[in-house]
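Undergrad: Dropping the structure in here first, questions after.
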């Protein structure tokens, strides 16, 4: 029982830390809506470039160039929010 409580607390702390890091990252970006939409798309099942791009464009209501999407994905990857 003690191990379960410790594990639950560790998970809770991890979630709080991750949320804080994501919020700090987004608050420093002009394109925060785009970054949030990309992370949401991936979190909800988008696995391919085309799925991520389609979800982003649906959310934004306009086309995003491949180079812009690559920049956003590279930035998220370099900050270790997503993996290649």
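Undergrad: For semi-axes √(5λ) of the Cα gyration tensor in Å, which listed value, (1) 35, 13, 10; (2) 29, 14, 11; (3) 91, 11, 5, comes from the coordinates shown?
TA: Label (2) holds the value from this structure.
Undergrad: Next question. For every helix of n ≥ 4 consecutive DSSP H residues, a contribution of -39,500 (n - 2.57) applies; sum these over the chain, divide by its total residues, and give [θ] at 222 nm rounded to the nearest 500 deg cm²/dmol.
TA: After summing the helix terms and dividing by the residues of the chain, the value is -25000 deg cm²/dmol.
Undergrad: Using the alpha-carbon centroid of each, what span in Å lies between region 62-79 and region 1-61?
TA: Value for the Cα centre distance between the two parts: 15 Å.
Undergrad: Just want to confirm a number: the relative contact order over the chain, from Cα pairs under 8 angstrom separated by 6+ residues, in percent.
TA: Answer for the chain is 20 percent.
Undergrad: Within 10 Å of each residue's Cβ, count the other Cβ atoms and sort 66, 71 from fewest upward.
TA: Arranged by neighbour count, lowest to highest, 66, 71 become 66, 71.
Undergrad: Quick check on the exposure proxy: order 23, 80 from fewest to most C-beta atoms within 10 angstrom.
TA: Sorted ascending by nearby Cβ count, the order is 80, 23.
The numbers here are math on the coordinates, done by the rules we state, and not lab data. Just so we're clear, the structure is a prediction, and the values are computed from it rather than from any experiment. For neighbour counting, all protein chains shown are included, and Cβ atoms are generated from backbone atoms with ideal geometry for every residue, glycine included.
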